[in-house]
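Notes for the one structure printed next.
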Amino acid sequence: MTPDDSLAYLYRLQQFGIKLGLQNVRELLHRLGDPQARLRCLHVAGTNGKGSVSVLLAEILRHAGNHVGLYTSPHLHCFTERIRINGELLELERLPPLVEQLRAASSGLPVTFFEAATALALLAFREAGVTVAVLETGMGGRLDATNVVAPELCLITPVSLDHQEHLGETLAAIAAEKAGIIKPGVAVVSGVQAAEAAEVIAAVAARCGAPLWQAGRDFTWGGDHAGMWVRAPGVELDGLTCALPGAHQLDNFAQALAGAARLRQNGWLLPDTALRRAGLSARWPGRLEWWGDPPVVLLDGAHNAAGVAALARYLAEITERPVLLVAGLSGSRRPDAVLAPLRGRLRALYATAVPEGVAVRPAELVAWAQQSELAARAFPAPDQALAAALAEREAGEVVVVAGSLYLVAAVRALLGGGAAVKTVGAGASPQNVARECGCKA
């Protein structure tokens, strides 16, 4: 089996779709010898920010000298982005023997792609001698495949409306699913929450006898990216630097630092130097990521109203000019619900098809824009939408690409940031698109 064969096998499992539940993954892991059993695990759920908090927490642990595994989803360009060991992507060459074990163990089980990916990550961590793993949930929490681990700390990042078809129609219902990762007696660190979500998380923690730290009550922070301060039990830090842009990333960094403070109380050796260095070294591609010299293209994976609101706040901080938005939406999301926070910032919308999975038709995005008296056009592929936006950009304007991580991945590849996308429209090669915004293809 080659690396390409391994990837083909994994992607074929997508035919089983999304299936929430733990029975399959528990059986699969049992057949693999329960690779999670000897791992010290930290479990992160939430709607927005859970990937960033996971990355920051993994960096804290790495700088403290731990052998750290990090499991996140989805990936931008390559499956192995999901599985990192000490900050490095799993090597493609390591996939075949791992997938061979996975395939043999899953005989007779209708394993989904995410269940297989989760088992593969835990297997890879065991074989690499990882001592502590940070695991990000895929979508929910209670029935998420990652919820088979016995964590030493749970973190819940801000909960907002998303994936209602799977998690429930109300904020309280979604928060209950996310809070499903909470385990009896295991400490919980909760980020900035709406009152409705905070109430649910607190109730679940109380029922489980799980000590709860809540943002703004048990830990506080302030300042800016070049001079941030944090106060938590046992942690008083000033002059911190956060390399991840956006005010919301200061919230995420504070939550990761609070998580470290909680671990310290449990006897983990995490020196202040490790906490400081994490803010400098953390990288999270595709999230408020600039391209160009000077930078004119901003990529952001915002795909729900809360994420788009954070993007809008960031744009308000950096420019007074209207922006050009290249957008596509995955799933059954409503353009009016997701893109409304950006409405006052836009000069034009360039709607395009999302290259992977079920997606909202570009015509629906155009209809929303026209109802909002906003100039808009639909394009069959991301490269064409990006080329049109760059061609019509005026001096000082920013082209923003958002709405779906699949779309961000496709555009990032066009700009030279990853594997090439499969479809490139006529007259808009990756080199030409990159040249228009001053990037290296």
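Just so it is clear, none of the values below were taken in a lab; they were calculated from the coordinates. Owing to the predicted nature of the structure, the values given are computational and were not obtained by experimental measurement. So basically every Cβ, Gly included, is an ideal-geometry build from the backbone, and we count neighbours across all protein chains shown.
Comparing mean-square fluctuations of VAL55, VAL132, VAL186 from a GNM of the chain with C-alpha springs under 10 Å, the top value falls on VAL186. For the stretch 208-356, the convex hull spanned by the alpha carbon atoms encloses 169 Å³ per residue. By the Cα gyration tensor, the stretch 1-127 has an equivalent ellipsoid whose semi-axes, rounded to whole angstrom, run 23, 16, 15 from largest to smallest.
Just need the Rg to Rh number for the stretch 351-409, please, alpha carbons only, Kirkwood Rh.
Working: Rg = 11.7 Å, Rh = 12.2 Å.
Rg/Rh for the stretch 351-409 comes to 0.96.
Starting from the stretch 1-110, pick out the GluC sites (Glu not before Pro) whose DSSP state is loop and whose Cβ has at most 14 other Cβ atoms within 10 Å.
Values: sites: GLU27, GLU59, GLU81, GLU88, GLU91, GLU93, GLU100; in loops: GLU91.
Sparse-neighbourhood loop GluC sites (Glu not before Pro): GLU91.
Which translational diffusion coefficient, to the nearest whole µm²/s, is obtained for the stretch 167-253 from the Stokes-Einstein equation, given a Kirkwood hydrodynamic radius over C-alpha pairs, 10 °C and 1.306 mPa s?
On the way: Rh = 14.2 Å.
Answer, rounded: 112 µm²/s.
Let me know the shape class of the stretch 135-213, please: from the alpha-carbon gyration tensor, a ≥ b ≥ c as square roots of the eigenvalues, rounded when a/c is under 1.5, otherwise prolate if a/b is greater than b/c, or oblate. Here the stretch 135-213 falls in the oblate category. The slack between ALA104 and GLU27, meaning 0.36 nm per residue of separation minus the straight C-alpha distance, is 26.4 nm. Simple rule: put +1 on each Lys or Arg Cβ and -1 on each Asp or Glu Cβ in the stretch 99-255, find the dipole, and look at GLY138, ALA105, VAL204; the Cα lying farthest toward the positive end is ALA105. What you get for the chain, charging only the Cβ of Lys and Arg (+1) and of Asp and Glu (-1), is a dipole of about 500 debye around the Cα centre.
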